[in-house]
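Novice: I'd like to ask you about the structure that follows.
The values are calculated or read from the model by the stated rules, or taken from the named source; none is laboratory data. Since this is a predicted model, take the numbers as computed values, not measurements. With ideal geometry, Cβ positions are generated from the backbone for all residues, glycine too; neighbour counts draw on all protein chains shown. Surface accessibility is based on the protein's heavy atoms, side chains included, excluding ligands, DNA and RNA. Shrake-Rupley method; radii C 1.70, N 1.55, O 1.52, S 1.80 Å.
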Amino acid sequence: MFKKFLVALAALIAATAFAAVDANKASQAELESIKGIGPAISTLIITERKKGDFKDWNDMVVRVKGVGEKNAAKFSEGGLTVNGTAYAGAPAKTQASMPSKAASATKGAVEKAASATKATASKAASAVKSGAAVVKEDVKEQKDAVKENVKDAKEKRAEKKAAKATTAASAASAAKK
């Protein structure tokens, strides 16, 4: 069961790793799946695209602030295309070379999965469990810190309130004299 899961996961990763994302057709989530493109740049791409599709990479570089020559090359390496074309300055990832890369990646994953034993699976499971315990402990520490900060803030407010009351009482007694 574990081996089948690893094989399926490896195949999925290999298939998605080489999928091209076209700047003229991609959703915001698809654009953000490209390394280096975050919410700000993806929003700019979509906003400019609404004015008209990008003719080519140069059109995109000119119209979208934040996509210069360097970023265009980086985004293209990550799988972004404009009208199905990779950026000229980026290493070419041709459609013909993608299946062989995917196949070799899948083959390697299958070989690794085939060599996995039950003991390895149980070690991985225990590592996940211990990792979860560490995360749980970190969350508890963060909650405790927040509680302490809230407590400190309440104490400071109470001190200020008491100081105001004292000052007001002093002022009232001084006014009576």
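Table: residues versus (1) at pLDDT 90 or above; (2) touching a helix residue (DSSP H, G or I) at 6+ places or on another chain (Cβ under 7 Å).
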| residue | (1), (2) |
| --- | --- |
| K74 | yes, no |
| E77 | yes, no |
| Y87 | no, yes |
| T94 | no, no |
| P99 | no, no |
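Novice: Can you tell me which residues in region 50-80 are of a type outside the set (A, V, I, L, M) and either within 13 Å of V21 (Cβ to Cβ) or open to solvent by less than 20 Å² (accessible area, probe 1.4 Å) (or both)?
Specialist: F54, W57, F75, S76, E77, G78, G79 - these are the residues of region 50-80 that are of a type outside the set (A, V, I, L, M) and either within 13 Å of V21 (Cβ to Cβ) or open to solvent by less than 20 Å² (accessible area, probe 1.4 Å) (or both).
Novice: Output the qualifying pairs, or none if there are none: Cβ atoms under 9 angstrom, residues six or more apart or on different chains, first residue in region 38-55 and assigned to a helix (DSSP H, G or I), second residue open to solvent by 70 Å² or more (accessible area, probe 1.4 Å) and among the small types (G, A, S).
Specialist: Note: pairs meeting the criteria are S42/A29.
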